[in-house]
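The values are calculated or read from the model by the stated rules, or taken from the named source; none is laboratory data. Predicted model, so just to flag it, every value in this text is computed and none were measured. Positions of Cβ are backbone-derived with ideal geometry, glycine not excepted, and every protein chain shown enters the neighbour counts. Heavy atoms of the whole protein, side chains included, go into the accessibility calculation; ligands, DNA and RNA do not. Shrake-Rupley method; radii C 1.70, N 1.55, O 1.52, S 1.80 Å.
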Amino acid sequence: MPNRYVLKNGTIVNENQRIEGDIAIDEFGRIGQIGGTATGSTEIDVSGSWILPGMIDDQVHFREPGMEHKATIATESRAALAGGITSYMEMPNCIPQTINRSRLLDKHERASQRSLANFGFYLGATNENLEEIKAVDQEKACGVKVFMGASTGNMLVDEPLTLEGIFASCPLVIATHCEDTPTILANEEAVRERYGANAPPGTHASIRSAEACFKSSSLAVDLAKRMGSRLHVLHLTTSVEMGLFETGPIESKQITAEVCIHHLHFNSDSYESKGADIKCNPSIKSKEDQLALQTALNDDRIDAIATDHAPHTREEKNQPFLDAPAGLPLVEFALPCVLEFVKRGTYDLERIVEKVSHAPAKLFNVRERGFLREGYWADLVVVDPTQDTVVDERTVFSKCGWTPFAGSTFSTQVTNTFVNGNHMYSRGEFLTNTCGMALQYDR
C-alpha cells in the first residue's frame with residue numbers, strides 16, 4: 001500500500017542524529033520510512049525545515065472537569081498542536097479532583113471524545129487515599145501527583161506517615177510539586193502586612209522562596225532515597241536545588257528532574273513588565289537561578305522540559321496581585337520558546353529534542369512515541385528555522401485568550417503537526433478534529 005504522507009527534503013532530528021531526506025507515514029498512522037527518498041499519496045516539501053518528534057508535555061492543567069470557564073480538553077489540546085505538542089499528561093487538581101479510579105476513567109472518556117492530542121492522566125494523592133494509590137490501574141495513570149506544597153486546588157499532602165506510605169508503596173512514578181507550605185504562609189503574611197493585596201509583583205519570588213522550594217524538594221529526595229522510590233521532581237526553580245540531582249543519562253536514575261519553559265525564559269526582572277501574567281507556583285526567581293537551571297539542563301542534571309500550562313481568565317489575573325491566581329497558558333508557544341535557546345547557541349538542537357520528546361517517553365515508559373523510529377506512531381512536528389513566530393500577530397488558541405509571551409518574537413515557527421499519522425495543523429489552521437489516543441506504557 002502507498003504511504004499516506006511523505007515529508008520531503010527535511011532535516012530529520014532524532015536520537016542525537018540529523019538525517020537529510022524524506023520521512024514517510026503509512027496508512028496506519030505509523031512511520032514507514034526514515035531517510036532516503038519516498039513516495040506517497042500526499043507529498044509535502046519541507047526543504048530547509050527540521051522534522052522533530054512531537055513534544056510530550058508531562059505537566060499540563062486543562063481545567064476539565066469543573067473549571068471549563070478557563071479551559072477545556074478540546075481547546076487546550078488544540079492550542080498544544082500549534083505549539084508542537086502531540087502528547088500531554090494532565091494534572092489531577094480539577095473539580096472534582098482526580099483521586100480515584102472512577103475519576104480517572106471519566107477523564108479518559110472525556111479525552112477520547114475531545115482531545116486532539118494524545119493524552120495521559122495522573123492520579124492525585126491526598127492525605128486520605130493511600131489505598132487508591134496502591135491499587136492504581138497502571139494502564140490508566142501515567143503517574144501519581146503529590147502536592148508537597150499547596151497550590152491551585154488544595155491537594156496538599158503533608159502528613160508524614162502518608163508521605164512515607166506513598167513513597168514506600170506507589171507502583172508508578174511519583175511526580176512532586178515541592179514547596180514548603182508553612183514557609184510560604186509566613187512569607188505571605190509578612191508581605192500582606194506591609195503592602196496589602198496590591199503588593200509589588202516581584203514579592204512573589206520572596207513569598208514562594210528558594211528556601212521554601214529546597215526544604216520540600218530535599219525532603220522528597222530523601223524520602224525517595226530511603227524508600228527506593230521512582231521520583232520525578234517537577235518545575236524546579238532554584239540554583240540551590242540543583243545539588244540534589246545527579247548528572248548522567250535517565251536510564252541510570254531513580255530520581256529525575258524537570259524544568260518548565262517559563263522558568264528558563266523569564267526571571268525576576270520580568271515581573272516589572274509582566275506582573276501577574278507570570279505569577280506561577282513555584283515562582284519565577286532570580287537571574288542567577290535562571291542561569292543555574294539553564295546550566296543544569298546542559299549537563300543532564302535536569303532531565304526534561306515541560307510547560308505546566310495552567311490558564312486563568314484575564315479577569316482573574318487582573319485582580320490585586322496577591323489575590324490573582326497562579327498559572328500561565330504556555331502550550332501554544334512551547335517549541336518556539338524553547339527553540340529560541342538553540343538559535344542563541346545555548347543548546348544544541350539534539351539536546352532540546354532529547355529533553356522535550358525522548359526524555360518524557362523514557363521517564364514514563366511511553367510506548368512507541370517520543371522518537372522518530374520506523375514502526376512508531378507518527379507523532380511529529382515540522383519547524384521552519386527561518387520563519388519567525390510573532391506572538392502578537394496571530395490568534396491565541398487557548399480559551400483564556402492571552403499569553404505571557406505577548407510582545408515576543410521567536411525565530412522559529414511550527415508549520416505542521418502530525419498526531420498518529422493525521423495531519424492536524426498547518427500554518428495557523430487546524431485541518432481535522434480527529435481525536436488523539438490514550439498513551440500506553442511499557443511497564
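Under the 0.36 nm per residue contour assumption, what length would be gained going from the current alpha-carbon distance of F28 and R373 to full extension?
122.7 nm
Report the gain in length on full extension from D269 to R18: 0.36 nm times residue separation, minus Cα-Cα distance, nm rounded to one decimal.
Net length gain for the segment: 86.7 nm.
Quote the FRET efficiency, to the nearest 0.05, computed for R194 versus S286 with a Förster distance R0 of 22 Å and r equal to the Cβ-Cβ distance. Intermediate values should be presented prior to the final figure.
On the way: r = 20 Å, r/R0 = 0.93.
So, using R0 = 22 Å, E works out to roughly 0.60.
Where in segment 65-84 does the amide nitrogen come within less than 17 Å of the point 7 Å from the Cα of S102, taken along Cα to Cβ?
Counting backbone N atoms under 17 Å from the label point, the list is 65-66.
Using alpha-carbon positions, what is the distance between the centroids of segment 217-261 and segment 1-57, in Å?
What the calculation gives is 35 Å, centre to centre.
When the convex hull of the Cα atoms of segment 206-342 is projected onto a plane and the area is averaged over all directions, what value comes out in nm²? Could the numbers behind the result be given before it?
On the way: hull surface 34.6 nm².
It is 8.6 nm².
Ranked highest first by average number of other Cβ atoms within 10 Å, how do 263-269, 429-435 line up?
Details: 263-269: 19.7, 429-435: 12.7.
Taking the mean over residues of other Cβ atoms within 10 Å, the ranking is 263-269, 429-435.
Which angle between 0 and 90 degrees, to the nearest 10, do you get for helix 73-82 versus the longest principal axis of the chain when only C-alpha atoms count?
It is inclined by approximately 60 degrees.
What FRET efficiency comes out for the pair S411/A186, r = Cβ-Cβ distance, R0 = 35 Å, nearest 0.05? Walk me through the numbers on the way to the answer.
Numbers: r = 43 Å, r/R0 = 1.23.
That pair, S411 with A186, gives E of 0.25.
Under a 10 Å cutoff between Cα atoms, tell me which one of E354, E316, E193 has the largest fluctuation in the Gaussian network model of the chain.
Ranking E354, E316, E193 by mean-square fluctuation puts E193 first.
Quick check: convex hull over the Cα atoms of the chain, volume per residue in Å³, rounded to an integer?
Details: hull volume 55.0 nm³, N = 443.
Dividing the Cα hull volume of the chain by its residue count gives 124 Å³.
Taking just the C-alpha trace of segment 353-440, give me its Rg and Dmax in Å.
14.9, 41
Return the percentage of antiparallel bridges among DSSP beta bridges fully within the chain, rounded to the nearest 5 %.
On the way: 30 of 65 bridges.
Approximately 45 percent, going by the DSSP bridge assignments.
Could you give the size of the charge dipole of the chain about its Cα centre, using +1 on the Cβ of each K and R and -1 on the Cβ of each D and E, expressed in debye and rounded to the nearest 20?
Computed charge dipole of the chain: roughly 340 debye.
Could you tell me which of I25, G407, T11 has its Cα farthest along the dipole of the chain towards the positive end, charges placed at Cβ (Lys, Arg +1; Asp, Glu -1), taken about the Cα centre?
Among I25, G407, T11, the one farthest towards the positive end of the dipole of the chain is I25.
Rounding to the nearest 20 debye, state how big the charge dipole of segment 1-49 is about its Cα centre with +1 on each Lys and Arg Cβ and -1 on each Asp and Glu Cβ.
In total the dipole reaches around 60 debye.
Calculate how steeply helix 334-344 sits against the longest principal axis of the alpha-carbon atoms of the chain, using the helix alpha-carbon long axis, and give the answer as 0 to 90 degrees to the nearest 10.
80 degrees
List the pairs from K140/K253; K253/K343; K70/K107; K145/K225; K145/K362 whose alpha-carbon separation is above 20 Å, in the order I gave them.
Values: K140/K253 24 Å; K253/K343 30 Å; K70/K107 17 Å; K145/K225 18 Å; K145/K362 18 Å.
Result: K140/K253; K253/K343 exceed 20 Å.
On average, how much accessible surface per residue is there in segment 219-260, in Å², for a 1.4 Å probe, leaving out ligands, DNA and RNA?
37 Å²
Using DSSP to call loops (not H, G, I, E or B), can you name the GluC sites (Glu not before Pro) in segment 226-277 whose Cβ has at most 16 other Cβ atoms within 10 angstrom?
Answer by residue number: E246.
So how tilted is helix 101-114 from the main axis of the chain? Cα-based, degrees 0 to 90, rounded to 10.
40 degrees
Could you give the nm distance between label points at E315 and S252, where each point is 7 Å from its Cα heading toward the beta carbon?
5.4 nm
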